[in-house]
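Here is the structure we will look at.
The values are calculated or read from the model by the stated rules, or taken from the named source; none is laboratory data. These numbers were taken from a predicted model, which means no experiment stands behind them. Neighbour counts are summed over all protein chains in view; Cβ atoms, including those assigned to glycine, are modelled from backbone coordinates with ideal geometry.
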Amino acid sequence: MRFVNRHVASSLSVIGVALMAASVVYGAPQGQQRGPQGTMPRMREAPPPPPTPDVPEAFNKPTAQGREVADRVVAIIEDEIVTERELATKVQPFLGQLDDIKDPAKKEQRKKEIYRQVLDIEIGEKMVSKEIEKNKDKLGVTEQDIDRAVDERMKYNNMTREQLQAALYGQGMTWAEYRKKLKELLERTRLIQYRVQGKVQVKDTDVKRRCEERSRLSAGTSQVCVSHILVAVPQGASPADVEKKRVEAGRLQSELQNGADFAAYAFKYSDYKAAPDGKLGCISRGEMEKPFEDAAFTLKVGQLSPVVRTSFGFHIIKVYDRVAATSGSCDQDSVLTPIRNELYEEEMERQMNAFIGELRSKAFVEVKL
């Protein structure tokens with residue numbers, strides 16, 4: 001797998017909620033850097049936060065006495081604030097990628113982009129959470145709904161209830177906490193279904209136009225565009241430690257299946273720190289370790305993989321786009337259906353952007369970066 005240097009994608013967190021809720025996709029990456037064929041990008045250990053987090057020089061505002069403000073507010077979301085120090089601590093694990101940028105101006109620009117991207121994720125999370133709180137009664141998630149979600153996880157992981165509880169306790173989560181978290185995820189899913197999904201429409205003319213564009217690609221062209229979450233397994237880890245990592249990855253995969261925000265989970269839990277939202281970009285055959293590649297090329301657009309094991313650890317993969325030459329007539333349903341699905345995912349993202357824009361216009365949100 002390779003290092004990816006992406007531009008900022010706005011409202012990533014909220015888009016991610018929509019993607020998981022309706023099995024939709026993110027937009028295509030704007031930029032990427034390829035590494036050696038068949039290799040993963042070098043995984044960096046996240047350095048411990050320094051005593052004073054490394055904030056972009058341009059973000060430091062001097063006081064009248066010439067001293068830097070110790071911890072200024074960088075964003076206000078209704079009655080909540082995000083401080084510069086809080087943001088810098090969350091950004092710190094993602095700054096390792098700057099080591100590959102030699103030009104000081106470009107390095108500083110990329111640092112600012114990372115700060116703004118992480119802040120977008122934070123704001124999006126808070127906005128959706130507040131909207132859920134306002135609509136809890138309308139969303140109507142019941143105990144029976146939570147029971148079904150628990151049963152699905154046990155079935156997917158081939159676990160008994162006792163085994164699932166033991167695995168959760170091993171990760172420091174009680175049964176009540178787990179059920180509460182599942183309820184929150186189901187509420188997210190319903191919010192997106194009610195407020196966004198019904199606005200998504202795909203025209204037949206657009207489907208045919210995309211098909212005709214694909215038919216002009218060279219024969220054999222095939223790429224899949226993916227995001228992933230990595231639960232890293234250190235070299236020499238004991239079988240017991242490996243199993244703990246597998247269980248952790250299984251828990252994350254289950255929560256994503258139940259509506260968790262992929263971008264936010266990548267930001268919070270992934271050990272791959274090249275991109276805060278977990279995007280790797282578009283890959284071709286032969287660029288990845290085979291288990292990762294086989295899983296990625298098997299998935300449909302918007303689909304989430306099972307837990308995949310590679311030499312780096314356990315991965316959860318999500319496909320957000322495919323690029324392939326059309327094989328067949330643009331009058332055949334078998335050719336048009338996958339393209340229709342792709343356009344649906346793209347329109348879902350656009351509608352999700354409009355939704356978060358609406359939320360922000362009605363709330364008090366001030367960004368001071």
Provide a single number: the residues in the range 318-369 that are closer than 20 Å to residue 121 by Cα, β-branched (Val, Ile, Thr) and surrounded by fewer than 20 Cβ atoms within 10 Å (Cβ to Cβ). 2
Please determine, by comparing only the residues of the range 265-284 that are hydrophobic (A, V, I, L, M, F, W, C) and modelled with pLDDT under 85, which one is nearest to the chain's Cα centre (by Cα). 275
Quick check on my filter: what residues within the range 272-309 are under 30 Å from residue 111 (Cα atoms) and either of a type in the set (Val, Ile, Thr) or free of Cβ contacts under 8 Å to residues at least 24 places away in the same chain (or both)? 283
If I go through the range 178-199 residue by residue, how many of them are touching a helix residue (DSSP H, G or I) at 6+ places or on another chain (Cβ under 8 Å) and either loosely packed, with under 14 Cβ neighbours inside 10 Å or among the small types (Gly, Ala, Ser) (or both)? 2
How about the range 185-242: which of its residues are among the hydrophobic types (A, V, I, L, M, F, W, C) and modelled with pLDDT under 85? 217, 219
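To keep it simple, each residue is scored yes or no on (1) among the small types (Gly, Ala, Ser); (2) touching a helix residue (DSSP H, G or I) at 6+ places or on another chain (Cβ under 7 Å); (3) closer than 19 Å to residue 343 by Cα.
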{"position": "276", "(1), (2), (3)": "no, yes, no"}
{"position": "292", "(1), (2), (3)": "no, no, no"}
{"position": "295", "(1), (2), (3)": "yes, no, no"}
{"position": "312", "(1), (2), (3)": "no, no, no"}
Looking at this structure, is residue 55 at pLDDT below 50 and out of contact with any Pro (no Cβ under 9 Å at 6 or more places or on another chain)? yes
Given the conditions (1) in contact with a Phe, Trp or Tyr (Cβ under 9 Å, 6 or more places away or on another chain); (2) within 17 Å of residue 341 (Cβ to Cβ), which single one is not true for residue 317? (2)
Filter the range 250-266 down to residues that are crowded, with 24+ Cβ neighbours inside 10 Å and either in contact with a strand residue (DSSP E or B) (Cβ under 7 Å, 6 or more places away or on another chain) or among the β-branched types (Val, Ile, Thr) (or both) and give me whichever is farthest from residue 193 (Cα to Cα). 266
Which one is nearest to the chain's Cα centre (by Cα) among residues in the range 200-220 that are surrounded by 12 or more Cβ atoms within 10 Å (Cβ to Cβ) and not in a helix (DSSP H, G or I)? 200
What number goes with the only condition from (1) closer than 27 Å to residue 80 by Cα; (2) of a type outside the set (A, V, I, L, M); (3) out of contact with any Gly (no Cβ under 8 Å at 6 or more places or on another chain) that residue 300 does not pass? (1)
Does any residue in the range 153-180 that is among the small types (Gly, Ala, Ser) come within less than 6 Å, Cβ to Cβ, of a residue that is surrounded by 15 or more Cβ atoms within 10 Å (Cβ to Cβ) and part of a helix (DSSP H, G or I) six or more places away or on a different chain, and which pairs are these? 167/247
Considering only the range 245-254, I want to know if a residue exists there that is under 24 Å from the mean Cα position of the chain (by Cα), at pLDDT below 85, charged (D, E, K, R) and closer than 29 Å to residue 117 by Cα. no
Might you let me know whether the range 239-247 holds any residue that is touching a residue at least 24 places away in the same chain (Cβ under 8 Å), of a type in the set (A, V, I, L, M), surrounded by fewer than 23 Cβ atoms within 10 Å (Cβ to Cβ) and out of contact with any Cys (no Cβ under 6 Å at 6 or more places or on another chain)? yes
Tally of residues being surrounded by fewer than 15 Cβ atoms within 10 Å (Cβ to Cβ), in contact (Cβ under 8 Å) with a residue 24 or more places away in the chain and touching a strand residue (DSSP E or B) at 6+ places or on another chain (Cβ under 9 Å) across the range 77-115: 1
